Amino acid sequence: MAAHAPHPDAPTGPVPVTPPGRVPGLRERKKQQTRDALVQAAHVLFLGQGFAQTTVDEIATAVDVSQRTFFRYFANKDEVALAVMADAEDYFIECLRHRPAAETPLQALRASIVKAWRDLGSAEHTGLGSIHSALELMRMIEETPTLLAAHLRRVTEQERVVVQVIAEREGLDPALDLRPTVLAAVFGSVLRAAHLSWTADQEPAGPEGMIALIERHFDQLGPALAGHWRS
């Protein structure tokens, strides 16, 4: 399946989400409301009739905006489908930046991903545009080649950011010290394994179920890398 090219009216990137801790102005709030409405409408349509069968025009019409307005927020249909996951990944990075310095890099990564899932799965983050929707869409991502490719590209980009954050946190040069790169790769692979395990479950639980799966996978990281497998 061919990838979706950006629309000519699309911006160079998505409309930014207001950083945590800063009170947005009226204009920013209206932009955020429009963006959230587009994400929610897209999710309803994707889950109801399928990703391939849903058009940008249908998403825009559901929010009573023009296609041109849609493309001011999202470059293409893939991007709006992955918006919630992308926002969650950005929140994870913010959590990582603020972990206590006393934690080891792996402890900081593990605590950050658990905090991100728990915060975004809380009562304050419910609705069709929440992390609950991301869980509903996760199977669709795995089953849609263009979405999966876009998601994996995003994960690769995030891995590079993790390398930089860990290197800065530990006072290292990642070009000379390979530990941040290796750790970021291992961390990403463990998360990927947990996500695949979640999508394979016939009746998976919500965010807390995902957190439990992530914790179980990380519990096996030490034994898998350094333990004796044969009793």
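The values are calculated or read from the model by the stated rules, or taken from the named source; none is laboratory data. Just so we're clear, the structure is a prediction, and the values are computed from it rather than from any experiment. Remember, those area values only see protein heavy atoms, side chains included, never the ligands or the DNA or RNA. Shrake-Rupley method; radii C 1.70, N 1.55, O 1.52, S 1.80 Å.
What the table shows:
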item	result
Nearby aspartates and glutamates by direct alpha-carbon distance to K77 (threshold 18 angstrom, same-chain neighbours under 8 apart not counted)	D9, D36, D57, E58, D64, D87, E136, E142, E143
Additional length obtainable on full extension of the chain from R29 to R169, 0.36 nm per residue less Cα span	47.1 nm
Percent accessible area from carbon and sulfur atoms, region 88-219, protein chains only, probe 1.4 Å	56
Residue-normalised accessible area of region 81-172, expressed per residue, 1.4 Å probe, Å²	47
3J(HN,Hα) from dihedral phi, region 41-50, Karplus parametrisation 6.51/-1.76/1.60, rounded to Hz, x for glycine, proline	4, 4, 4, 4, 5, 4, 6, x, 10, x
Pairwise centroid distance, computed over Cα atoms, of region 30-74 with region 177-219, Å	30
